[in-house]
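Worksheet: the structure to be examined is printed underneath.
The values are calculated or read from the model by the stated rules, or taken from the named source; none is laboratory data. Only a predicted model underlies this, so the values are computations on that prediction, with no experimental measurement involved. Cβ placement follows ideal geometry from the backbone for every residue including glycine, while neighbour counts extend to all protein chains displayed.
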Amino acid sequence: MLSANLNQQFISLCYSIYPKKITAPFIYNDEQFFSYLKKNRLDDYFTIKYGQETQEYNQYKKNLISSLKLLKKILGNEPFIVIKTLSSYPHITSDLDVIIKNKIPVSKIKKTNFPLKTDVNNRISWTEDEEISREFVWKNVEEYDFHGIKILVPNPDLDVLIRLAHLPFEQAEIRLGELLHIYRQAKTVNWERLQKEAERNHWLKTFERVRLLLNKLHDGMFNKQRPIRFPYRLSFFLLVQAIIEKKAWRKIWGARYVIKNRLSS
């Protein structure tokens, strides 16, 4: 059983991201605790909140700052948005995701050796087609100051829609840290606008299924006491339905990695 001190710190940590008290049990003993936090991208935030920044996080932050500066130098006045990299709490990401406004060739940028692996694209898509239109993307950005570097990031509407699309078309699971961030952002979003954008880009049913899943998880996490496993795996059925609705047939081949990962864990 998780010790009272760690349990209180964990509840407080989650509450600071999304201010609602968790009732469902997630972790059962102290030995699992830090491994669980790492799997759910909460380990760095826990260390910062209850201790100090780790050398790993400090290096990540330096690499991110250097990469943003290099990107701004390369692009000049070309607008770009940083997506999925920054959240409402500090954590380490595997790369820096960037969307460029104009349809300029990205091959030169992709060959640049950034301190942090940087993925540059002209559109938001994990299939053969866009999940979110360029028009919607560029109408839903806001300025953000990251350690003195002014950048554009998604506003809550765009941020939530990106993450909802990322789950069924790419990620196939959701970490607790990101889920809490989505709940925090979702308090101010215009769900009707998001619904219309999903319909416009041919994944309305998938959007509604994912939203229903998030509502179900929210009820289980904050109103009940049944265990929930995180990272939470989206069902194969939901993933297949998403592929069929979007007609993203190439994703079927990529699904073998999801299956292999789940069988081995």
Test: LEU2 is within 20 Å of the chain's Cα centre (by Cα) and aliphatic (A, V, I, L, M): no
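Residues are listed down the side, and each one gets a yes or a no for (1) surrounded by 16 or more Cβ atoms within 10 Å (Cβ to Cβ); (2) assigned to a loop (DSSP other than H, G, I, E, B):
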| residue | (1), (2) |
| --- | --- |
| ASN7 | yes, no |
| TYR15 | no, no |
| TYR28 | no, yes |
| GLN32 | no, no |
Please verify whether THR47 is in contact (Cβ under 8 Å) with a residue 40 or more places away in the chain and either among the polar types (S, T, N, Q) or in contact with a Cys (Cβ under 9 Å, 6 or more places away or on another chain) (or both), treating the condition exactly as stated. no
Checking ALA198 against (1) touching a strand residue (DSSP E or B) at 6+ places or on another chain (Cβ under 9 Å); (2) modelled with pLDDT under 95, only one condition comes out false. Which one? (2)
Residue pairs meeting the criteria (Cβ under 7 Å; at least 6 apart or on separate chains; first farther than 22 Å from LYS247 by Cα, in region 124-139; second surrounded by fewer than 19 Cβ atoms within 10 Å (Cβ to Cβ)): TRP138/LYS101
Looking at (1) without any contact (Cβ under 8 Å) to a residue 12 or more places away in the chain; (2) over 18 Å from ARG163 (Cβ atoms), which is the only condition LEU212 fails? (2)
Give the residue, chosen from LYS139, LYS205, that is over 19 Å from LEU234 (Cβ atoms) and of a type outside the set (A, V, I, L, M). LYS139
Any residue at all in region 207-227 that's more than 30 Å from LYS21 (Cα to Cα), of a type in the set (A, V, I, L, M, F, W, C), within 21 Å of the chain's Cα centre (by Cα) and not in a loop (DSSP other than H, G, I, E, B)? no
Looking at region 58-71, is at least one residue touching a Lys or Arg at 6+ places or on another chain (Cβ under 9 Å), buried (at least 19 other Cβ atoms within 10 Å of the Cβ), among the small types (Gly, Ala, Ser) and not in a loop (DSSP other than H, G, I, E, B)? yes
Region 136-157 - residue that is over 17 Å from the mean Cα position of the chain (by Cα) and among the β-branched types (Val, Ile, Thr) and, of those, nearest to GLU178 (Cα to Cα): ILE151
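Rundown of residues vs (1) surrounded by 15 or more Cβ atoms within 10 Å (Cβ to Cβ); (2) touching a strand residue (DSSP E or B) at 6+ places or on another chain (Cβ under 6 Å); (3) not hydroxyl-bearing (Ser, Thr, Tyr), yes/no style:
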site: TRP138; (1), (2), (3): no, no, yes
site: GLU142; (1), (2), (3): no, no, yes
site: LEU164; (1), (2), (3): yes, no, yes
site: GLU178; (1), (2), (3): yes, no, yes
site: GLU208; (1), (2), (3): no, no, yes
site: LYS216; (1), (2), (3): no, no, yes
site: ARG226; (1), (2), (3): no, no, yes
site: PRO231; (1), (2), (3): yes, yes, yes
When you scan region 79-97, how many residues do you find that are assigned to a strand (DSSP E or B) and aromatic (Phe, Trp, Tyr)? 1
Filter result for the condition that a residue is of a type in the set (A, V, I, L, M) and touching a Leu at 6+ places or on another chain (Cβ under 8 Å), over LEU42, LEU6: LEU42
Are any residues in region 98-135 part of a strand (DSSP E or B) and either surrounded by 20 or more Cβ atoms within 10 Å (Cβ to Cβ) or over 20 Å from the mean Cα position of the chain (by Cα) (or both), and if so, which ones? VAL98, ILE99, THR118, VAL120, ILE124, ILE132
